[in-house]
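Just so you know, all these numbers are worked out from the coordinates, no wet-lab data involved. Just so it is clear, the structure is predicted and the values come from calculations on it, not from any experiment. Cβ atoms come from the backbone with ideal geometry, glycine included; neighbour counts cover every protein chain shown.
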Amino acid sequence: MSRSYNNNTVNSNNNAVLANPHNDNININNMDRWRVAVLGDGGVGKTALAVQFTLNCFVEVMHQQYKLKQLVVDNRMCFVEVIDTAGQEEYATLRNQWVREGQAFILVYSIASRVTFERLENFLRQVLRA
């Protein structure tokens, strides 16, 4: 099974092929790869932020955990994998794995809830422990 987002295809083996304007396929396994984990409480907008970055659109609900983005950095094509983590406590074990795999982190909170801002300390400690 494969899914396509903005001309980028991800197959069931977690291999992605990126399309370019010349209709050539670029195998992302040969590109620089960066993993960015998005952390924060449940319901603060992590998924909306990740989707906006990777797909350049707003999607209210999306259940895909990994989002792909092709970028040019220092004149090199690279692939950014955004790991949209679950903020709820019952996902702490999975979140630990995602943090260990992450190379960069985005901490997200809701401006409507001071508690979600205060809880960022917990997420930051988790990142520093990894």
Ranked on Cβ counts within 10 Å of their own Cβ, fewest leading, Arg95, Arg119, Arg129 go Arg129, Arg119, Arg95
In nm, spacing of pseudo-spin labels at Ala104 and Glu118 (7 Å Cα→C-beta vector):
3.1
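Based on the mean of other Cβ atoms within 10 Å per residue, sort peptides 69-77, 96-104 so the most packed one is first. Before the final figure, lay out each step's value.
Values: 69-77: 11.6, 96-104: 15.1.
For the peptides 69-77, 96-104, the packing ranking is 96-104, 69-77.
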